[in-house]
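Participant: Structure incoming, see below.
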Amino acid sequence: MVITAAMVKELRDITGAGMLDCKKALEVNEGDLQKAIDYLREKGIAKAAKKADRIAAEGLTSVVVKGNEAVLFELNSETDFVAKNAQFGALVETIGNILIDSNVSNTEDALALSAQGKTVEQMLLEATATIGEKITLRRFAVVD
């Protein structure tokens, strides 16, 4: 099967993976878009696992307020460049909204929360694979 630029672009728009990775995924899966998405997800999780030993000491601290409650958390990356990235900022916002809508009170429980068909931990793994740096949720507190 011939892999077109439009197919690569569509896969890239869906997954956020690099162009060469998207092309390879489509080639390996004979142009099947869904199989290519699964392939990239599996590959991304493997890439993220390789980065598990890295130190993520940069990042952002965020406070989300809803009514009389507030959630304070820190999302870390390996470099401050990633912390300034729009994709990282969107992840901070998404996780903040998930945390404020839950009743968890510690980081371990926060990582297990589900939203959009994924746990927070899976979101962080996918972000690690897409962004290319280890992303971690650190320090988490609920303020009444």
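The values are calculated or read from the model by the stated rules, or taken from the named source; none is laboratory data. These numbers come from a predicted model, not from an experiment. Using ideal geometry, Cβ is built from the backbone for each residue, glycine included, and neighbour counts are taken over all protein chains shown. The protein model used for the area step is the full one, side chains on, heavy atoms only, and it has no ligands, DNA or RNA in it. Shrake-Rupley method; radii C 1.70, N 1.55, O 1.52, S 1.80 Å.
Participant: Can you pull out the residues in the range 71-82 that are assigned to a strand (DSSP E or B), farther than 13 Å from Asp101 by Cβ and out of contact with any Asp or Glu (no Cβ under 7 Å at 6 or more places or on another chain)?
Facilitator: Leu72, Phe73, Glu74, Leu75
Participant: Which one of the conditions (1) part of a strand (DSSP E or B); (2) touching a helix residue (DSSP H, G or I) at 6+ places or on another chain (Cβ under 8 Å); (3) not small (Gly, Ala, Ser) does Leu111 fail to meet, given that it meets all the rest?
Facilitator: That leaves (1) as the condition not met.
Matching residues to (1) surrounded by 16 or more Cβ atoms within 10 Å (Cβ to Cβ); (2) within 23 Å of Arg12 (Cβ to Cβ):
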{"position": "Val71", "(1), (2)": "yes, no"}
{"position": "Leu75", "(1), (2)": "yes, no"}
{"position": "Gly96", "(1), (2)": "yes, no"}
{"position": "Asp109", "(1), (2)": "no, no"}
{"position": "Leu113", "(1), (2)": "yes, no"}
{"position": "Ile131", "(1), (2)": "yes, yes"}
{"position": "Ala141", "(1), (2)": "no, no"}
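Participant: Turning to a different aspect of this structure: Which residues, taken from the range 115-129, are open to solvent by less than 20 Å² (accessible area, probe 1.4 Å) and either more than 30 Å from Gly18 (Cβ to Cβ) or of a type in the set (S, T, N, Q) (or both)?
Facilitator: Thr128
Participant: Still on this structure: Conditions: (1) surrounded by 13 or more Cβ atoms within 10 Å (Cβ to Cβ); (2) closer than 18 Å to Glu126 by Cα. Asp13 meets all but one. Number of the miss?
Facilitator: Of (1) surrounded by 13 or more Cβ atoms within 10 Å (Cβ to Cβ); (2) closer than 18 Å to Glu126 by Cα, only one is false for Asp13: (1).
Participant: Which residues, counting only those in the range 114-144, are of a type outside the set (Lys, Arg) and in a strand (DSSP E or B)?
Facilitator: Ser114, Ala115, Thr119, Thr136, Leu137, Phe140, Ala141, Val142, Val143
Participant: Okay, next question. Since Val64 meets every condition but one in (1) among the hydrophobic types (A, V, I, L, M, F, W, C); (2) out of contact with any Gly (no Cβ under 6 Å at 6 or more places or on another chain); (3) modelled with pLDDT of 80 or more, which condition does it not meet?
Facilitator: Of the numbered conditions (1) among the hydrophobic types (A, V, I, L, M, F, W, C); (2) out of contact with any Gly (no Cβ under 6 Å at 6 or more places or on another chain); (3) modelled with pLDDT of 80 or more, the odd one out for Val64 is (2).
Participant: In the set Ala46, Ala70, Ala36, which member is of a type in the set (Gly, Ala, Ser), at pLDDT 80 or above and farther than 22 Å from Thr94 by Cβ?
Facilitator: Ala36
Participant: Here is a list of conditions, (1) at pLDDT 90 or above; (2) within 15 Å of Leu125 (Cα to Cα); (3) of a type outside the set (Gly, Ala, Ser), and Glu93 meets all of them except one; can you say which number that is?
Facilitator: The failed condition is (2).
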